[in-house]
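Here's the structure we're looking at; comments come further down.
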Amino acid sequence: MLFDQPQIKPNGDSGLRISFGDERTVRVNRRVRKLAHMVQSAALPGVTELIPTYASLTLLYDPLRVNYLHLVEWLQPFLKEAMTVSAEEESSRLLIVPVCYEGEYAPDMSYICNYTKLEPDMVIALHTAEPYYVFQLGFTPGCPFIGPLQEDLSVPLMETPRTHTPMGAVAISVGQTVIYPRATPGGMRIIGRTPVKLFQLDHPALTLFRPGDRVLFRTVSQSEFLTIEKEAVALMIGVEVRNDV
């Protein structure tokens, strides 16, 4: 649900958490991102870091420069404005990301098809049918949490997570899709793999995705995957980016 009023609570001795709802939806996340943008632009004294998530924003602050009550007071006009944002207001980048849904790149395709009762072509058609929304980055640097997925693609997490999920794996579970920027353990069902880089320490942007981006997946063959992989030595290579769409 979307809360009538933002809920503000302490988060440790130097943090403050503001929640706008308890659902993973665009309408809630827009409020989180609007508040984060306003706070960042205002450069409030003592605020050291902002952590936006699906439905909440955590502000970390220096208690020697600002106390909790003063910070809550300063936030009031920003909270009021954030509550007026609609899910349709913001334009954003559209990133078109190549994905291979074949063979070794899609080790969980059989499970997904058995669970959803869909043929592989239909699974791929659904996953590439429309742009999705980047809610947040997390889990590992540069990992985007993208959604919401169509109901027909709803599959559960693995009961026992795999110890190795390859870099670039595109996975789905519990109504969302993620792309793994590096090889890590993971419990989501792998539907394909992208050859593009998602995180690069020596790149000014650090990460390919930003919260609020929209993502459209396009299917590529294994041979096209290998061609893009050879060229994709830096962020943005192999990805089509359209601005303000």
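Summary table below
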quantity: Projected area averaged over orientations for region 2-82, convex hull of C-alpha atoms, nm²; calculated: 4.6
quantity: Long-range HN-HN contacts of G21 with modeled amide H, under 5 Å; calculated: F3
quantity: Virtual spin-label span in nm between E130 and S41, 7 Å along Cα→Cβ; calculated: 2.9
quantity: Under the Karplus curve 6.51 cos²θ - 1.76 cosθ + 1.60, θ = phi - 60°, whole-Hz ³J(HN,Hα) for region 99-107, x wherever Gly or Pro sits; calculated: 9, 9, 9, 10, x, 5, 6, 10, x
quantity: 3J(HN,Hα) from dihedral phi, region 147-152, Karplus parametrisation 6.51/-1.76/1.60, rounded to Hz, x for glycine, proline; calculated: x, x, 6, 5, 4, 5
quantity: Separation between Cα centres of region 206-231 and region 14-54, rounded to whole Å; calculated: 28
quantity: Nearest 10 degrees, 0 to 90: helix 68-82 Cα axis against the chain principal axis; calculated: 60
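Since every read-out is calculated from the coordinates, none of them should be taken as a lab result. For clarity, every value in this text was computed on a predicted model and none was experimentally measured. FYI the Cβ positions are ideal-geometry reconstructions off the backbone, even for glycines, and counts take in every protein chain you see.
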